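Here is the structure we will look at.
Taken together, the values in this text are just the output of simple stated rules run on the coordinates, not laboratory data. The structure displayed is predicted, hence computed values, not measured ones. In this analysis, Cβ positions are derived from the backbone assuming ideal geometry, glycine residues included, and neighbour counts consider all displayed protein chains.
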Amino acid sequence: MLTSAPDGVFVPVEDAQTAHLPSTFSPADGTVLRNADGIRQRKGAALTDTSLKALKPQAKAYKVTDGGGMYVVVSPSGTKTFRYDYRLDGKRETLTVGRYEPGTANRTDSELKALDYGAVVSLKDARALRDRARRSVEAGVSPSKAKVEKRIASADADTFGAWVKRYFEHKADPKSGKEQLADSTLALRKSVYRRILEEPLGKKRLDEIKPTALAALLDQAKAERGPGPAVHARELVLLVYRYAIGKGVEVDNPAEKIARKTIATFQARERNLTRHEIKTFFEALQHTATAPTLRLAVKFMLLTGVRKGEFIGATWKEIDWDRATWTIPKERMKADREHVVYLSEQALDILTTLKTCFPSSKFLHPGRYERDVPISNATLNRTIDATVKLINEKRDPDAEEFETFSVHDLRRTFSTRLNDALFPEALIEACLAHAKKDQVAAAYNHAKHAAPRRALMQGWADMIDCWIKGESAKDVVAQTKAKIDEAAHDDSELDL
């Protein structure tokens, strides 16, 4: 039994998504007619807010037409939903336009443009959305399917997998500057995600991943794969959440609740190049597919023993050509102290080449595409990775694999090889700008003792040249020690 209402057509609805609308009528005089089901309909009768409010729930859902293919469905609970029926490619489809609630304000034009189907809407807004849907149909696009696809995309956008993708894109982008990762590091993290995290976590929302569940997953990874992969998996989860939080997502980071040491502890990897590895690497570097200036930059790092960030941010105003020094301001030093690098002849030759190649840049080595920014944080490591890959591709199958290394390992090589040659430790520490361990180191670090440090830096450069040629550096070491002793009594640079 149907109840009456001021306007519209009332049709019992067994299945709101598939029930057919009443047939349309042609009389223009307002005559009340009956459709095939015997239901009364007044020509031109359209829904109004008054008639919508008057619609009462019944035992079964029913619908009331508004026009243009749209109607409202009244459920037994009293919910009133606007729906729009249309045909596309010969098939009938239904779109849920929105839900009606009395008192809902009409939206502005700009608000309507951003409004999605399915929201709480006024009658006027529902008709505007219906018109938008009609235009989509006329263009051959299914608004109903587009709505589902958008909802799925929106849901996927909040998943851990979606944030992992964004994180990897950010870390691979040269425009990310210091945030960019070396290709080898990025490849490792992608592998960890695919093998350990993607299946159990990829489709979960960020707020669904809890510390206890993550800890269980990491324990399983440790048992099946070893502590290394488990530690890397925790690290990736930690970093992805930090990235999402940095983008404004309000969520707790589950990895922060899991201490790294509960999975495994590792000793810091100490990698330095032997003299034979130095020869192998720099020979291969000449054949690596990279810019010639980047080859020089890698060698400059070994010659000077500086930290990567100290070179990347270096500007020409820090170079004193007359005194053959590079003065790094304290703002860019780890110890917050100004540091003077005494430049060997080989280092000066490299700087001369870089200045010739980049005359308009303030940086020793600018970025590839922009001269007013330095090279990215990952550029030199990528050059090293490419060279190591080339070495291993061309090595004898029975030969031991060449172990990869980072830019910072060149600094370790500087320290290790000079200490092995029994040069004064305090002098080496001063050249590395390490914190002064005693008064002897303090003395070497003082400007009036520049001559011994200058002698050591030139000797180190000559040692590298010998090793690259495949020659012994014993004679160079002996000559350099003699020069250091002589320089310790040289007062030519003193302001007397």
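Rounded to 0.05, the FRET efficiency of the Ala46 and Asp158 pair, given R0 = 56 Å and the Cβ-Cβ distance, is 0.90.
What shape does the stretch 44-93 have by the C-alpha gyration tensor, where a ≥ b ≥ c are the square roots of the eigenvalues, rounded means a/c under 1.5, and otherwise prolate means a/b greater than b/c and oblate the rest? Note, shape of the stretch 44-93 comes out oblate. Taking the Cα centre of the stretch 146-257 as reference, the dipole from Cβ charges on Lys and Arg (+1) and Asp and Glu (-1) amounts to some 180 debye.
Put simply, the amide H of Tyr62, placed in the peptide plane, has neighbours under 5 Å in Val13, Val74, leaving out anything fewer than 5 places away on its chain.
For Lys171, the aspartates and glutamates whose Cα falls under 15 Å of its own Cα, not counting residues fewer than eight places away in the same chain, are Glu179, Asp183, Glu235.
Residues whose amide H falls under 5 Å from that of Ala119, counting only those 5 or more places apart or on a different chain, are Arg99, with hydrogens built in the peptide plane. Residues within the reach of a label modelled at Glu283 (point 7 angstrom out along Cα to beta-carbon, backbone nitrogen below 17 Å), restricted to the stretch 458-479, are 464-473. Overall, the stretch 286-487 carries a charge dipole of about 620 debye about its Cα centre when +1 sits on the Cβ of Lys and Arg and -1 on the Cβ of Asp and Glu, all other atoms neutral. Applied to the stretch 211-222, the Karplus parametrisation 6.51 cos²θ - 1.76 cosθ + 1.60 on θ = phi - 60° returns per-residue 3J(HN,Hα) values of x, 5, 5, 5, 4, 5, 5, 5, 5, 5, 4, 5 Hz, with x for Gly and Pro.
Each of Arg382, Arg205 has some number of other Cβ atoms within 10 Å of its Cβ, and from fewest to most they run Arg205, Arg382. Between the amide H of Lys362 and any residue lying 5 or more places away or on another chain, no distance stays under 5 Å, with hydrogens modeled in the peptide plane. Backbone geometry of the stretch 464-473 corresponds, through the Karplus equation with coefficients 6.51, -1.76 and 1.60 at θ = phi - 60°, to 3J(HN,Hα) couplings of 4, 4, 4, 5, 5, 7, x, 9, 6, 10 Hz, x marking Gly and Pro.
Couplings 3J(HN,Hα) of the stretch 370-375, computed from phi: 10, 7, 9, 10, x, 5 Hz, in residue order, whole Hz [Karplus 6.51 cos²θ - 1.76 cosθ + 1.60, θ = phi - 60°; x for Gly and Pro]. Remark: Tyr117, Tyr71 ranked as Tyr117, Tyr71, counting other beta-carbon atoms within 10 Å and listing the fewest first.
For Thr352 and Thr79, compute 0.36 nm times the residue count separating them, minus their Cα-Cα distance, and round to one decimal in nm. Contour length minus Cα-Cα distance gives 90.5 nm.
When the listed pairs Lys175/Lys317; Lys178/Lys389; Lys362/Lys394; Lys210/Lys261 are checked against a 30 Å cut-off, the alpha-carbon distance exceeds it for Lys362/Lys394.
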